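Trainee: Sharing a structure, written as structure tokens. Questions coming.
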Amino acid sequence: MDVAIVKYNAGNIFSVVNALRRLGIEPEITDDAEKLQKVDRVLFPGQGHAKTTMDYLRDHHLDKIIQDLRQPVLGICVGMQLLCSHSEEGDTDCIGVFPAEVKKFKPQHQEDKVPAMGWNSLYDIDDVLFKGIDNGDFSYFIHSFYVPTCEYTIAKTSYILPYSAAMHKDNFWATQFHPEKSGKIGEQILTNFLNIY
């Protein structure tokens, strides 16, 4: 199976590479439109700032390329947020696959720390991406912005308030958590993504 990881100015790509290698996949890291269109799967991970990242994607025409992909695509963390229509981070228009707004966490109590960082349980899971995963299973999150629950939400979690832990629309899946840092649960989710269709 040919798998590509979108190359852009966002961190965290190599932990995804290592997770895929553990599954027997040697991914290609590329920003080449033709290669991205031809592979079997595309992963769009990242950590970074929404505005500077979207500026880079637009400058390299990657926003349109990603939007037009037809094979299964998995956005991870900032990758999920950038697949939405708008982010409060830098008041940024994003790629727009998911018609959803990315919001900044607003602490309600003294113990509410932002960024949210650590292991959170998933619930209301409902998608082929979560085959073999149970409600209550934990995955690893680190983020300051979130996507509210909406019609595309396929898993929820709660920190300060309930929000989308994962989303799905057409050939696009996305997780706010990091499957590549979520142990056996994350490995199962990545395996499920590779086996979609």
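The values are calculated or read from the model by the stated rules, or taken from the named source; none is laboratory data. Keep in mind the model is a prediction, meaning the values are calculated, not measured. All Cβ positions, even for glycine, are placed from backbone atoms using ideal geometry, and neighbour counts span all protein chains on display. Quick note on the areas: whole protein, heavy atoms, side chains included, nothing else; ligands and nucleic acids left out. Shrake-Rupley method; radii C 1.70, N 1.55, O 1.52, S 1.80 Å.
Trainee: Looking only at the range 34-44, count how many residues are touching a Leu at 6+ places or on another chain (Cβ under 8 Å) and open to solvent by less than 60 Å² (accessible area, probe 1.4 Å).
Mentor: Total satisfying the criteria: 5.
Trainee: Right, something else. May I ask you to list the residues in the range 105-129 that are at pLDDT 95 or above and under 17 Å from residue 148 (Cβ atoms)?
Mentor: Matches in the range 105-129: 120, 122, 123, 124.
Trainee: Condition test on residue 65, is it of a type in the set (A, V, I, L, M, F, W, C) and under 26 Å from residue 182 (Cβ atoms)?
Mentor: Considered against the rule, which asks whether it is of a type in the set (A, V, I, L, M, F, W, C) and under 26 Å from residue 182 (Cβ atoms), residue 65 comes out as no.
Trainee: Follow-up. Restricting the range 60-73 to residues that are assigned to a helix (DSSP H, G or I) and aliphatic (A, V, I, L, M), which is surrounded by the fewest Cβ atoms within 10 Å (Cβ to Cβ)? Steps first, answer last, please.
Mentor: Of all residues in the range 60-73, those assigned to a helix (DSSP H, G or I) come to 62-67.
With the extra rule that they be aliphatic (A, V, I, L, M), the set shrinks to 62, 65-66.
Numbers: 62: 22, 65: 19, 66: 23.
The extreme case among them is 65.
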